[in-house]
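The values are calculated or read from the model by the stated rules, or taken from the named source; none is laboratory data. Note that the coordinates shown come from a computational prediction; the quantities given were computed from them, not determined experimentally. Please note: Cβ atoms are built from the backbone with ideal geometry, for glycine as well, and neighbour counts cover all protein chains shown. When the accessible area is computed, the model is the full protein with side chains, heavy atoms only, and any ligands, DNA or RNA have been set aside. Shrake-Rupley method; radii C 1.70, N 1.55, O 1.52, S 1.80 Å.
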Amino acid sequence: MKSESGEKREFEEEQEEKERWSSYQYVGRANSVAPTASSARAEVSVAEIRSAAAAAASDRYPPPIHAPLISYPDPQPYDQSIAYQVGLEGHVGGQTSSELGRQILDEVEIRELLIDHVGHRCCWGSRPARTWKIVAVEDCNVYVGTLETFIEERETIKETEPYHGGKVDGKDDGPELGIWELDLRSEFPLLFVPHKEIRVPIPHSEVVEKCSACGGRGEFPCNTCNKGEEHGFYKENQMFQCSACHGRGLIAHRDGSDTICEKCKGKGKLPCGVCGSHGLIKCATCQDGGALVTRNAAIIRWKTLSTRKVSATSGAASVPDEVFHQAKGVQLCNTQAYQCTPAFFADSFFLNKFSSEIIADRCAVPPTARVVCERHIISVVPVTRITMAHRNQSFSFYIIGFGREVYLKGHYPSRFCWGLCPCLDWLRL
């Protein structure tokens, strides 16, 4: 028999779960509104909520891609984010999409974050961060949207190398495969990798040809001692006058004596410095073989094309878009399909339009490529703008994302570097 404490604990757990799910009682219902004192509605069971969410997701999402492929992780992982499915009437956990990104910061946290940020600057003082008055705290959350298009691109190139005999994989062994007939399943990367490139020879495409540089002879006349001569016509043992002794074989000195020239060993002539007076030079193209083997090779590239868009209020307009893309936020939409369509938010015309603009701006796919898959993500990033003032001076900074990164651009009142900070950063001092 259960003890009274055990029964009490079970009762409390049931009440907590009931309260947690009761906040979702209007999820998935058309024209749902927040509960008020004048509108009493019957509570919805947990099973009904789950079935409504599953129905909404199945109605508005394309079928998943059935393939032995795994998605590459998001470029910026959302460690503290929650992925929500579109179509739940804009309410998640009792909050609207505008409330999801709201972060609550007190004065102590704001000052600690700013002091930590200032402490990483070599010539910045912490006095304003510690003592100046906080005169304004403004929520200016930002919506970040991305559309990633994962493509596979293939092109054919010709490769040539010297042929020294051996088996040739030519048309006698079978028909040459087309570039899109190559089976590369063993080389296929994870979906949405930034870039991967491989080279694969195309089977049955090798052809042996005569070397055009030497006419198939493997060598050609020397351009120094047989300049202008045709293949097969050349002169051997062509000698050149020694430049040290001018052909005498002796070196004259001021005292009237002569010594044997060390450069030509007293002969007065030197052999050709290029071919050694043999008259012929080995062909570097075919490496003295006289033949070349040519084959077609396929260059395959997998890469992700990204379309990114930020919708920021005027309060956060001075922050670069890249800062928001790197920040941690809450995902409102995360869909993956062969070709993504605009997301649907039942109670937000702005988000529907924002999603449509991202889809309309998708990157152009090269004519030699095909689309493998797309991923569409919309997130809300919490942004808080803080203004601090002291007497007639003031400055503003931003706390961005759940990572609470501080962004401060422009004037900070306590700087003592006299413009040397960029130099010190470059020198990594």
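Details
- Residue among 389, 360 that is more than 24 Å from residue 104 (Cα to Cα) and among the aliphatic types (A, V, I, L, M): 360
- Wholly enclosed strands (runs of 3 or more DSSP E) of the stretch 329-392 bearing at least 2 residues without any contact (Cβ under 8 Å) to a residue 12 or more places away in the chain, among the small types (Gly, Ala, Ser) and touching a His at 6+ places or on another chain (Cβ under 9 Å): none
- Restricted to the stretch 315-327, and to residues there that are touching a residue at least 24 places away in the same chain (Cβ under 8 Å) and open to solvent by 30 Å² or more (accessible area, probe 1.4 Å), the residue that is farthest from residue 380 (Cα to Cα) is 318.
- Selection within the stretch 248-284 - open to solvent by less than 60 Å² (accessible area, probe 1.4 Å), closer than 30 Å to residue 162 by Cα and outside any loop (DSSP other than H, G, I, E, B): 280, 281
- The requirement of being open to solvent by less than 10 Å² (accessible area, probe 1.4 Å) and either more than 25 Å from the chain's Cα centre (by Cα) or modelled with pLDDT of 90 or more (or both) is fulfilled somewhere in the stretch 355-366, by at least one residue.
- Scoring residue 302 on the criteria (1) open to solvent by 20 Å² or more (accessible area, probe 1.4 Å); (2) hydrophobic (A, V, I, L, M, F, W, C); (3) touching a His at 6+ places or on another chain (Cβ under 8 Å) leaves a single failure, condition (1).
- Filtered residues of the stretch 130-168 (kept if β-branched (Val, Ile, Thr) and assigned to a strand (DSSP E or B)): 134, 135, 137, 142, 144, 146, 149, 151, 156, 157, 160
- All conditions in (1) over 20 Å from the mean Cα position of the chain (by Cα); (2) open to solvent by less than 10 Å² (accessible area, probe 1.4 Å); (3) more than 30 Å from residue 138 (Cβ to Cβ) hold for residue 344, with the sole exception of (2).
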